[in-house]
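Values in this text are rule-based calculations from the coordinates and carry no lab data. Only a predicted model underlies this, so the values are computations on that prediction, with no experimental measurement involved.
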Amino acid sequence: MNRSTYCILVFLSLILITSSCVPGKKYSNLQDTSKQFMNERDAFKTDNIGLEMQNKELTAQLASLRKEVDTIQQVISAAQNDRDKAVQDYNRMSVKYTELQNAQEDLVKGNVKETQKLLSELQEAQSNLQKKEDLLRQLEQNLDAKKTSLDELTFELDKRNTRLAELESILNAQKKLVQDLKSKVSEALLGFENNGLTVTMKNGKVYVSLDEKLLFKSASWDIDANGKNALKKLAGVLEKNPDIQITIEGHTDNVPYNPGNSQLKDNWDLSTKRATSVIRMLLEGSKIDAKRLTASGRSQYQPVDDQNTSDARQKNRRTEIILTPDLTELYQLINKY
């Protein structure tokens, strides 16, 4: 059974367990919303990978076009040399032809054999001259064809350069947006950083990681006062940046969750419950659009430290708030081509 199937079964189990306490319609709505958020998250991840792959493909195509242009320029240079050589041969043959014509006129009344010899040489010179003219014409046609091909490749290269420049411009703008967002989040959470909270930037996103001790008691999903304070400060930043998508991921250690008579079954339930608790705290008293938020339970399967030690397990018990910028403008540019 793969991870996605397992997640769905756990989520359905959670709904069945908790349906006795909460109206069915509300849980049905929560289920639909959760599915929508998970689909949007997966779509964002897929789009981000596709974007990086397309950017690499465009760079490779650009290098290939440049190499092809260099090859054509070398061919054109060789063709021009051949044409120049043919012109020189043509000029020499023309001079010889003129000299033979003059000699024929001087000897027309002289020795018949000499005249016939000169006439034969003149005819041969005419034939050679015609061949040179034909070769020169062919070389010029080939040169024109190469120039046309070069112009077409240059035009295509300019188009791709323009598109690459536009993509780089938007990517740089997105990168600056993420950097500015990280600065704003770090400034808002200044008193919490390196005290159970870290703010980092990777893969074009901002990651706010909160240790378990900052938010929850062991095996609990009720947020402590200190954690509420940090989340309220973060909510203030998110309100002012409405184009940022927000994903909350709950993570646990690898110790099996066994709270006795709790309504939760395992670490999957606990990680998901903690993620939804953080979402509710962010929405409480704020103007954040709930459509921007996605809750995700990761259980024990994405540890930051694989060692089976107390310190490693403490690091792995965390909640990550992932902030993703709006990539609509970038997708529109890609679809334009």
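Summarising the amide proton neighbourhood of Tyr301: residues at separation of 5 or more, or on other chains, whose placed amide H is nearer than 5 Å comprise Thr252. Set against the labelled values [x] 210; [y] 218; [z] 132, volume of the Cα convex hull per residue in Å³ computed from this structure falls on [y]. Of all beta bridges that DSSP places with both ends in the range 166-321, some 70 percent have antiparallel geometry. What angle do you read, to the nearest 10 degrees and between 0 and 90, between the alpha-carbon axis of helix 267-283 and the longest principal axis of the chain? Computed tilt is about 90 degrees. In the chain, the calculated helix contribution to ellipticity at 222 nm averages -24500 deg cm²/dmol per residue, counting -39,500 (n - 2.57) for every DSSP H run with n ≥ 4.
Pairs from the table (Lys56/Lys232; Lys56/Lys287; Lys25/Lys176; Lys45/Lys67; Lys182/Lys273) lying more than 32 angstrom apart at Cα are Lys56/Lys232; Lys56/Lys287; Lys25/Lys176; Lys45/Lys67.
Within a straight-line Cα-Cα reach of under 19 Å, Lys96 can be paired with the following aspartates and glutamates, leaving aside sequence neighbours fewer than 8 residues apart in one chain: Asp84, Glu105, Asp106, Glu114, Glu121, Glu124, Glu133, Asp134. Using C-alpha pairs under 8 Å with a sequence gap of at least 6, the mean separation divided by the residue count of the chain gives a relative contact order of 18 percent. Measuring between alpha carbons in the structure, the pairs from Lys202/Lys228; Lys85/Lys147; Lys175/Lys240; Lys184/Lys213 lying more than 22 angstrom apart are Lys202/Lys228; Lys184/Lys213. How many angstrom separate the Cα center of the range 78-107 from the Cα center of the range 203-273? Using only Cα atoms to place each centre, the spacing works out to 90 Å. Across the range 39-55, rounded Karplus estimates of 3J(HN,Hα) from the backbone phi angles (6.51 cos²θ - 1.76 cosθ + 1.60, θ = phi - 60°) give 5, 5, 4, 4, 5, 4, 5, 4, 4, 5, 5, x, 5, 5, 5, 5, 5 Hz, Gly and Pro being marked x. Each Cα pair under 8 Å and six or more residues apart adds its separation to the average, and for the range 61-175 the resulting relative contact order is 44 percent.
Share of antiparallel DSSP beta bridges in the range 232-337, in percent to the nearest 5?
For the range 232-337, the DSSP antiparallel bridge percentage is about 60.
The DSSP beta bridges internal to the chain are antiparallel in roughly 75% of cases.
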